[in-house]
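The structure appears below as structure tokens.
The values are calculated or read from the model by the stated rules, or taken from the named source; none is laboratory data. Remember, it's a predicted structure, so these values are computed and weren't measured experimentally. Cβ placement follows ideal geometry from the backbone for every residue including glycine, while neighbour counts extend to all protein chains displayed. Quick note on the areas: whole protein, heavy atoms, side chains included, nothing else; ligands and nucleic acids left out. Shrake-Rupley method; radii C 1.70, N 1.55, O 1.52, S 1.80 Å.
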Amino acid sequence: NAGVMQNPRHLVRRRGQEARLRCSPMKGHSHVYWYRQLPEEGLKFMVYLQKENIIDESGMPKERFSAEFPKEGPSILRIQQVVRGDSAAYFCASSRGRNTGELFFGEGSRLTVL
Amino acid sequence: GESVGLHLPTLSVQEGDNSIINCAYSNSASDYFIWYKQESGKGPQFIIDIRSNMDKRQGQRVTVLLNKTVKHLSLQIAATQPGDSAVYFCAENIGAGGTSYGKLTFGQGTILTVHP
């Protein structure tokens, strides 16, 4: 499967716990994006990363959220001390370069905070 | 502020009909627009894009029209099929001055239902 792989597909956490969402981009893609989708809404940009670098994190909440894309391994979106408002679908996407809006999205990770 | 929105939240058509999904945007600086399709439980799928120096672009069974004068974008689907049933999002990017064309602002979406 050469598509964008996200895991877990579903994650349940209690308030105050940590959530870690992983994303492996398509083979040959070095640009990764994270988007959040609340129910009945469109996707909201969170962060844009290239290998080992955060390029644009203007959509990330100032606290509790962080993202990385290490030299080896998947990109990680980490949410510390989750609150109910963090419940959403988190989508990762990748592209071959920065000069295209043709993003290849994964199937998403659905976070539920109890 | 910057926003991309849709005129119609739902659209129902019969199989074989043509579908037109509309989108309005408010940022005159937007220079790149994309349509995505999202099926239930899945991630968005790229359909077609258009840059602001174009008025029309065609793909397989789809056409995107851009009217910069009234800041309006539309997606036309020819001979709509049941498999086209999904939520359709328009998205915009201020590419020229931004970090990436992949940093998109999505609209709220239109639900397209195709009846056999």
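Side notes on the structure shown:
- Within segment A:41-55, tally of residues that are at negative phi and either over 12 Å from the mean Cα position of the chain (by Cα) or open to solvent by 10 Å² or more (accessible area, probe 1.4 Å) (or both): 9
- Restricting attention to segment A:104-114, the residues that are crowded, with 22+ Cβ neighbours inside 10 Å and either in a strand (DSSP E or B) or at pLDDT below 95 (or both) total 2.
- Of all the numbered requirements in (1) without any contact (Cβ under 8 Å) to a residue 40 or more places away in the chain; (2) out of contact with any Lys or Arg (no Cβ under 6 Å at 6 or more places or on another chain), B:Gln76 misses one, and that requirement is (1).
- Qualifying residue in segment B:16-25 (condition: modelled with pLDDT under 95, outside any strand (DSSP E or B) and open to solvent by less than 40 Å² (accessible area, probe 1.4 Å)): no
- Of all residues in segment B:81-106 being assigned to a loop (DSSP other than H, G, I, E, B) and under 17 Å from B:Glu39 (Cβ atoms), the one that is nearest to the other protein chains (Cβ to nearest Cβ): B:Ser85
- Residue count, segment A:18-40 (criterion: open to solvent by 70 Å² or more (accessible area, probe 1.4 Å) and at pLDDT below 95): 3
- Any hit, segment B:51-65, residues being open to solvent by 50 Å² or more (accessible area, probe 1.4 Å) and β-branched (Val, Ile, Thr): no
- Scanning segment B:107-116 for residues that are within 14 Å of chain A (Cβ to nearest Cβ) and either outside any strand (DSSP E or B) or modelled with pLDDT of 95 or more (or both) yields B:Gly107, B:Gln108, B:Gly109.
- Filtered residue count, segment A:63-103, keeping only those that are in a strand (DSSP E or B), without any contact (Cβ under 8 Å) to a residue 24 or more places away in the chain and among the hydroxyl-bearing types (Ser, Thr, Tyr): 1
- Qualifying residue in segment A:3-10 (condition: among the polar types (S, T, N, Q) and either farther than 20 Å from B:Ile34 by Cα or assigned to a strand (DSSP E or B) (or both)): yes
Table: residues versus (1) open to solvent by 50 Å² or more (accessible area, probe 1.4 Å); (2) free of Cβ contacts under 8 Å to residues at least 12 places away in the same chain; (3) among the aromatic types (Phe, Trp, Tyr); (4) not in a loop (DSSP other than H, G, I, E, B).
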{"residue": "B:Ser28", "(1), (2), (3), (4)": "yes, no, no, no"}
{"residue": "B:Phe33", "(1), (2), (3), (4)": "no, no, yes, yes"}
{"residue": "B:Tyr36", "(1), (2), (3), (4)": "no, no, yes, yes"}
{"residue": "B:Thr69", "(1), (2), (3), (4)": "yes, yes, no, no"}
